[in-house]
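The values are calculated or read from the model by the stated rules, or taken from the named source; none is laboratory data. For clarity, every value in this text was computed on a predicted model and none was experimentally measured. Cβ coordinates were reconstructed from backbone atoms using ideal geometry, including for glycine residues, and neighbour counts include every protein chain displayed. For accessibility, only protein heavy atoms count, side chains too; no ligands or nucleic acids. Shrake-Rupley method; radii C 1.70, N 1.55, O 1.52, S 1.80 Å.
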Amino acid sequence: MPYEFLRAQERKMIFKAAPLVCGVAVVALLTLTPASSQNGSKKATVPEQQFPEAPAAFDNKSNGTVDDATHAADQGKFDEIENVGDGLGPLYNAQSCRECHQNPTSGAGSQVSELRVGHLGPNRRFENPNIPIARGAEIIMGRTLVNDRAICPSAAFPDTEIQQRVPDSETVRTTRISVNALGDGFVEAVADQTLVDLAREQCRNSHRRVCGLVVYVPIVEAPGRAGVGRFGWKDQHASLLSFSGDAYLNEMGITNVLFPDEVTKLCNTVNEPNDKPGSDGLSDVDHFARFIRASKAPPRDRTLANTPAAMRGSELFDKIGCAVCHVRSLTTAPAGTKINGDQFTIPAALGSKTFHPFSDFLLHDVGTGDGIVIPTVEHYGRVTRRMPREATLENFQRTENRLRTAPLWGVRFHTRLMHDGVTVTLRDAILRHAGESSQATRDFRRLGPKDQDAVLEFLRSL
Ligand code: HEC
Ligand code: HEC
């Protein structure tokens, strides 16, 4: 999704560190082990309090945040097909959230990819693209996303040509595959500090080989406030409500309270915002966010998870250092904690839960960087006193060749892998990792064929 339209500011900080993070599977807490990635995982040394497991299932039922009937109704909004009369477009990618978030059920991911481009300006800095439409009469600027569809020409506007196409001048190009959002309520409820600490420990424990980057991004519903980004391939959002508003505008062309301005006025006939609050005071974007917050985590394949090969693969996954970034277990902040610039209070169903995303939600350079920078400073406006000092363009520049550690929960449903969806086998995905992951990739290559297969079997069980 498009996520660069943010108006407030952010900040981000950089912590380099790379550690060995070993989640203890059972009822685990995120624990840091001092083991080196070569020698296998030693037992976690941090004593843990045990937190209940987040519910995991593809059953379309609520995780307890709302009742099942409310959850089903929220899903109905997420699944709903929008038409021109509802405000679809003028530029858009698809007619419903579910079109891209559907496999194996609403809220998950899919094979659908989108296009992002830009170019290098003076000092070889990344700049957002200029995309002419209407035979050059208008230039779409300020976002890297290029929409694949348009609502006109049409009967009402037979001569208005607004299809976006990438000009030759936009030489930095990538596709981005649709990601899973099931279970993301738990991800949102992880305290900023947990991710900041994780980055620091990771870097220290790996002797600065693996150092996840923390980016602070604007909370759109709390102007002037920022949080640690964790959603999208570039960690471009921290809040599911912000993401929903961004997606509604940029994927579907539906303006909403958080993103009230159309990308183009050409062919636009429905008043802004297209998404207005209903009689209960909730807009579609509120329903989308509540739907995702109430979704259960993607469950393991219970049959494969128990095969000897997958269990062996699970151990090797830790041993060769995959779990340093693909962190097994995280724990959410306690119920009652206010997050997202105080706009959301963690409910009991999401508070103090352990879940297994197999990600640290930090940005890493694993040699696959697509050159696209997230939110540039003009989208953030001026840096306010509430923003960390790190909210500088300089820091955003560092997102250029980094990507979020792909969460591996539900990876067995990903037919196209990595941010660009160009890799189609799990083995190739591993072998494509370089940069900060060079040692883990090397250690994978050094495994015998049986052990390599065990790692792949483990991945197929996730
Ligand atoms: C045309 C396909 C498409 C449509 C339609 C779409 N999305 Fe997405 N979604 C994506 C892609 C692609 C990403 C990853 C984007 C990126 O980081 O560049 C994504 C990411 C997300 C994420 C972040 C999940 C995570 O863990 O990182 C959320 C939340 C989300 N979408 C919600 C929605 C909602 C709500 C709607 C409907 C308003 C929607 N999406 C419509 C393709 C789509
Ligand atoms: C330094 C951090 C890091 C380490 C170590 C690491 N990964 Fe990754 N992994 C990433 C990042 C970042 C991505 C996303 C890269 C991209 O999209 O271009 C990724 C993507 C993946 C994917 C693709 C998932 C998808 O849905 O597309 C798989 C599979 C994967 N990693 C498995 C592994 C395995 C197995 C190991 C150990 C041999 C490993 N990774 C080690 C950071 C890491």
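How high is the FRET efficiency between Phe157 and Thr425 when r is their beta carbon distance and R₀ equals 56 Å, given to the nearest 0.05? List each step's numbers first, then the result.
Details: r = 45 Å, r/R0 = 0.80.
With a Förster radius of 56 Å, E is 0.80.
Run the simple label-point estimate for Asn123 and His207 please: 7 Å along Cα→C-beta, distance reported in nm.
Label at Asn123, label at His207, 3.4 nm between them.
Quick one: how many lysine pairs does region 12-460 have with C-alpha atoms less than 17 Å apart and a gap of 8 or more or different chains? Give me the count, please.
Close lysine pairs found across region 12-460: 10.
Which net charge results for the neighbourhood of Ala310, defined as the other residues with beta-carbon distances under 12 angstrom from its beta-carbon, given Lys and Arg at +1 and Asp and Glu at -1? Don't skip to the answer; put the middle values down first.
Details: positive: Arg300, Arg302, Arg312, Arg412, Arg460; negative: Asp301, Glu315, Asp453, Glu457.
Around Ala310, the charge tally is +1.
If you take the Cα atoms of region 12-460, find Rg, then find the Kirkwood Rh from the mean of 1/r over all pairs, what is Rg/Rh?
Numbers: Rg = 21.6 Å, Rh = 22.5 Å.
Ratio value, two decimals: 0.96.
Using a 1.4 angstrom probe, figure out how much accessible area region 12-460 has per residue, in square angstrom, rounded to the nearest whole. Walk me through the intermediate numbers first.
Details: 18170 Å² over 449 residues.
About 40 Å² of surface per residue is accessible.
Classify region 138-265 as rounded, prolate or oblate from the Cα gyration tensor: take a ≥ b ≥ c as the square roots of its eigenvalues, call it rounded if a/c is under 1.5, otherwise prolate when a/b beats b/c and oblate if not.
Working: a/c = 2.87, a/b = 1.90, b/c = 1.51.
Judged from the Cα gyration tensor, region 138-265 comes out prolate (a/c at least 1.5, a/b above b/c).
On full extension of the chain, what length is gained from Arg445 through Lys276, given 0.36 nm per residue of separation minus the C-alpha to C-alpha distance? Show your work: numbers first, answer last.
On the way: separation 169, 0.36 × 169 = 60.84 nm, distance 5.40 nm.
Full-extension gain reported as 55.4 nm.
Of all beta bridges DSSP finds with both residues in region 12-460, what is the antiparallel percent, to the nearest 5? Let's see the in-between values first.
Values: 33 of 35 bridges.
Bridges in region 12-460 that DSSP calls antiparallel: roughly 95 percent.
Rounded, prolate or oblate: which fits region 55-144, taking a ≥ b ≥ c as square roots of the Cα gyration tensor eigenvalues, rounded meaning a/c under 1.5, else prolate when a/b beats b/c?
Because a/c hits 1.5 or more and a/b exceeds b/c, region 55-144 counts as prolate.
Under a crude label model (7 Å from the Cα following the beta-carbon direction), how far is Asn83 from Phe413 in nanometres?
Result: 2.9 nm between the two label points.
Which order do Leu403, Leu431 take when ranked by solvent-accessible area (1.4 Å probe, heavy atoms of all protein chains), largest first? Don't skip to the end; give the middle numbers.
On the way: Leu403 15, Leu431 60 Å².
Heavy-atom accessible area, descending, gives Leu431, Leu403.
Quick check: pseudo-label points 7 Å beyond the Cα along Cα→Cβ at Ala137 and Asp197, how many nm apart are they?
In this crude spin-label approximation the distance works out to 5.8 nm.
Can you give the FRET efficiency for Asn60 and Asp168, using 1/(1 + (r/R0)^6), R0 = 41 Å, r = Cβ-Cβ distance, to the nearest 0.05?
Working: r = 45 Å, r/R0 = 1.10.
The formula returns an efficiency of 0.35 here.
Distance between the C-alpha centers of region 239-271 and region 163-238? Whole Å please.
Centre-to-centre distance over Cα atoms comes out at 21 Å.
Of the heavy-atom accessible surface of region 12-460 (probe 1.4 angstrom), what whole percent is carbon and sulfur?
Percent of accessible area from carbon and sulfur atoms in region 12-460: 52.
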